[in-house]
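K.L.:
Please see the structure below; I have some questions.
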Amino acid sequence: MIELNRRHLLAGVAAVGAASVARLGTTPAHAAVPQAGTQAPGFYRYKVGSYECTSINDGARTFPMPDKFVANVAKEEALAAADAAYMPKGMVTIPFNPQLINTGSKLVLIDSGNGIGNFEPSKGAVGRTLQNLAAAGVDPKSIDIVLLSHLHPDHTNGIRAADGSIAFPNAEIMVPAVDWAFWASEENASKAPNDMMKNYFANVKKTFGGIESKVTKYEWGKEVAPGITSIATPGHTPGHTSFAVASGGSTVLVQSDVTNIPELFLRNPDWHVAFDVDGPKAQETRHKFYDMAAAEKATVVGFHFTFPSVGHVEKDGAKYRLIPSAWNPTI
Ligand SMILES: [Zn+2]
């Protein structure tokens, strides 16, 4: 009889190991096939009406939690939430997931990931969008539109390949007009309150320098690509935008950064992530967005949700809860 207590379980594993070696006589068991040593490609397909969507994993960053990662609570509280989500001790993990939407007439990439070399040394942990697009059989030259939700580096820098060239040479690059006005302003840049903000302003200059003519500014509440409508969700940045992707009576909400990682900021919607330009505004937006998504039982896709980053959001008292969608082997 197997008793499921910790002592028996651990002892049991050792005993089973010894027994299987003993059964094989003098030859210890060994794997005949070399281990892969690398992660599998990260892409996941789902349908929205007649549209075929693909969640493309750009990777994930794990780093020691900075002191003010959650700007408005004590670090111990933030660490406890990360610990409760089984993140490595003292660390925080942030995944990145651009979305590819094939409408049948247009191929649209929503956000572009970190690019390569943005967070050195990354050891390949981020900037995986191009390789995962290739794994999904997608030629970057075939992408018609790169639709950016806001102008933070983890969303924009993938528009450049490692050599600095444009990774999607035939794509129109669409940016929220409000964010462009904010981040491209020399006056705003000169008033940047801290190094993080200074870096963000500099990054916009570097990433979009010389390609301003390829950039189209879009407004909120508009169909910015076939079946894709921009939704005003400001706060995280002034022009931060989410999208409704609709086809044949089905809709998904691509929330972008309405929350950063859900384990902290969807569970605790009043927490402000360090990267917010306007924390209180982002908090207000978050409640509005999730109250609507929960009432509609809408499918929500989150750039910083765990891959494949598709799920539903429910109200849970004053908090929210994410129910990830089950992996669907057919589409
Ligand atoms: Zn982000």
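Just so you know, all these numbers are worked out from the coordinates, no wet-lab data involved. As the structure is a prediction and not an experimental result, all values here were calculated from the model. No Cβ is skipped: glycine too gets one built from the backbone with ideal geometry, and neighbour counts run over all protein chains shown.
K.L.:
What strands (runs of 3 or more DSSP E) completely inside segment 247-331 contain at least 3 residues that are touching a Phe, Trp or Tyr at 6+ places or on another chain (Cβ under 7 Å)?
P.N.:
So the answer is 250-256, 310-316.
K.L.:
Restricting to segment 224-252, give me the number of residues that are within 16 Å of the ligand (Cβ to nearest atom) and surrounded by fewer than 24 Cβ atoms within 10 Å (Cβ to Cβ).
P.N.:
Count: 3.
K.L.:
Checking Lys281 against (1) more than 23 Å from Met197 (Cβ to Cβ); (2) touching a Gly at 6+ places or on another chain (Cβ under 6 Å), only one condition comes out false. Which one?
P.N.:
(1)
K.L.:
Follow-up question, since we're still on this one. Restricting to segment 49-68, name every residue that is β-branched (Val, Ile, Thr) and over 19 Å from Phe305 (Cα atoms).
P.N.:
None; the set is empty.
K.L.:
Condition (residue is more than 19 Å from the chain's Cα centre (by Cα) and more than 16 Å from the ligand (Cβ to nearest atom)) applied to segment 122-135: is it met by at least one residue?
P.N.:
Looking through segment 122-135, none of the residues is more than 19 Å from the chain's Cα centre (by Cα) and more than 16 Å from the ligand (Cβ to nearest atom).
K.L.:
Six or more apart or on different chains, Cβ atoms under 9 Å: show the pairs whose first residue is in segment 136-149 and at negative phi and among the charged types (D, E, K, R) and whose second is surrounded by fewer than 19 Cβ atoms within 10 Å (Cβ to Cβ) and not in a helix (DSSP H, G or I).
P.N.:
Going by the 9 Å Cβ cut-off, the qualifying pairs are Lys141/Pro169; Lys141/Asn170; Asp144/Ser105; Asp144/Lys106; Asp144/Asn170; Asp144/Glu172.
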